[in-house]
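Participant: Here you go, one structure.
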Ligand code: PLP
């Protein structure tokens, strides 16, 4: 379109860099999620720098960032306290293959902040933390299977890539869902160790655990479903999940990779007052640095100490001093931000979502904008039915038009507002100001006409 073409000129260097990168990197970047074409007709933008809530690309375009590093940035890009902490560690040296004081200090902070955490270990990514949690649950319970929920993404380990984003029509019955791998290359034997169920249905979960609880080591869930658009748990669902897992000697693994420190200082478990056995953090915990954590109940976590009947936890770069320094500085910063700061962040989110809803409705779009504290999703509706009644993954796909969202995200990018390319989490961070929200709403008035 004329609108798109005019703006394409602004991205000439990114276009050239993407062309060159695609000759040397499959999909022209290391995570396919960031892959090319996401913001069509615009290229994948090559970002150069970020400061606070703002980004600058290689063509010199500026953006207000609501992608927030796929939810990894909570305190804005490059807060000076964090830079100083990392620089100090760079000067001291990046890695010695020994224990070090900061590691303990960071674990101490984490254990103090997170209600269910007695002990913690650090690792590089959410994926690895989930992988370790699954193995630990198996070791602790002596059982093999893990139950996950349809529509939930828990990273890219084989054990989590089942029924992540399948076509809802391919899923089979709710009682006996078909298991669909997210990618080829996952062994059938691995698939057989993963069970899947629709989320938010306590009766189904109860049936499943009555039937198969003797084989299930853990139930793994987020507190809200954050990777398929945003769904809230039914009232009491997480409490019942806790009760049932206890009853069947099944561990409750809570994935707080997204909700942790974005939701508040205690994560979603504080908000919903739930007490999982194991919790996984990542993303916002280190504000953009590759540091994740597995933490939880002492008796279970002690299984990560060496011993022939125990589990293990390794990794040359697990708890690497550079990223642990980043996490530590970030947790301290969040302490200072405090509940008051999170309240302000929620309020800005409230204003942004209310404004977007109004602007998109005025432009003739039927949208649903569910939100959870520090992030929200924009669904363009396409199927009738009342979105307030959505409970599970199967409710979303048939009723939404994800391409319409992607067109909106692309149009917003043309206006200098950086959103995730696919329906997902639009993130607030502490670095956003009221002016950033105003600017985003002004941009939305233009973008709404180009969906
Ligand atoms: N769990 C959830 C809920 C996630 O959203 C993600 C990543 O998006 C992960 C786990 C995996 O984390 P990582 O990408 O750091 O491996």
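Participant: If I stretch the segment between residue 438 and residue 108 completely, what's the gain in nm (0.36 nm per residue apart, minus their alpha carbon distance), one decimal?
Facilitator: 114.9 nm
Participant: Please say if the stretch 80-333 is rounded, prolate or oblate, where rounded means a/c under 1.5 for a ≥ b ≥ c the square roots of the C-alpha gyration tensor eigenvalues, and otherwise the choice is prolate for a/b larger than b/c and oblate otherwise?
Facilitator: It comes out prolate by the Cα gyration axes.
Participant: Give, as ranges by residue number, the residues of the stretch 182-223 whose backbone N falls under 19 Å from the point 7 Å along Cα→Cβ of residue 240.
Facilitator: Residues passing the 19 Å test: 196-213, 219-223.
Participant: Still on this structure, please answer the following. Show that you can apply the helix-only estimate: for the chain, add -39,500 (n - 2.57) for every DSSP H stretch of four or more residues, divide by all residues, and state [θ] at 222 nm to the nearest 500.
Facilitator: My calculation for the chain gives -11500 deg cm²/dmol from helical runs alone.
Participant: Can you give me the distance in nm between label points at residue 81 and residue 389, each placed 7 Å from the Cα along the Cα-to-Cβ direction?
Facilitator: About 4.8 nm, to one decimal.
Participant: Same structure, new question: Test of understanding: ordering 403, 158 by Cβ neighbours within 10 Å, fewest first, what list do you get?
Facilitator: If I rank by nearby Cβ atoms, fewest first, I get 403, 158.
Participant: If we count other beta carbons within 10 Å of each Cβ, what is the order of 390, 199, fewest first?
Facilitator: Neighbour counts put them in this order, fewest first: 390, 199.
Participant: Out of the DSSP beta bridges found with both residues in the chain, what percent are antiparallel (nearest 5)?
Facilitator: 65
Participant: I need the calculated FRET efficiency for the pair residue 16 and residue 343, taking r as the beta carbon distance and R₀ as 35 Å, to the nearest 0.05.
Facilitator: Plugging the Cβ-Cβ distance into 1/(1 + (r/R0)^6) gives 0.20.
Participant: Just want the ordering: 148, 121, from fewest to most Cβ atoms lying within 10 Å of their own Cβ.
Facilitator: In order of increasing Cβ crowding within 10 Å: 121, 148.
Participant: Also: Below 8 Å between Cα atoms, with a sequence gap of 6+, how large is the relative contact order for the stretch 228-341 in percent?
Facilitator: Relative contact order here is 21 percent.
Participant: With label points built 7 Å along Cα→Cβ from the Cα atoms of residue 190 and residue 314, find their separation and express it in nm.
Facilitator: 1.7
Participant: Where a ≥ b ≥ c are the square roots of the eigenvalues of the C-alpha gyration tensor, would you call the chain rounded, which needs a/c under 1.5, or, failing that, prolate if a/b is larger than b/c, or oblate?
Facilitator: In terms of gyration-tensor shape, oblate.
Participant: Starting from the Cα of residue 51, step 7 Å along the direction of its Cβ; do the same at residue 34; then give the gap between the two resulting points in nm.
Facilitator: Those two pseudo-labels are separated by 2.2 nm.
Participant: Can you tell me how much longer the chain between residue 178 and residue 271 gets when fully stretched, taken as 0.36 nm per residue apart minus their C-alpha distance, in nm with one decimal?
Facilitator: Between residue 178 and residue 271, full extension yields 30.2 nm more.
Participant: Between residue 247 and residue 362, what FRET efficiency comes out of the Förster formula 1/(1 + (r/R0)^6) with R0 = 51 Å and r the beta carbon distance, rounded to 0.05?
Facilitator: 0.50
Participant: Checking the a/c ratio against 1.5 first, then a/b against b/c, what shape does the Cα gyration tensor give for the stretch 325-451?
Facilitator: Prolate, since a/c reaches 1.5 and a/b exceeds b/c.
A short reminder: the numbers here are calculations on the coordinates, not readings from a lab. The shown structure was predicted, so the numbers you read here are calculated from the model rather than taken from an experiment. Glycine gets a Cβ as well: all are built from the backbone with ideal geometry, and neighbour counts include every protein chain shown.
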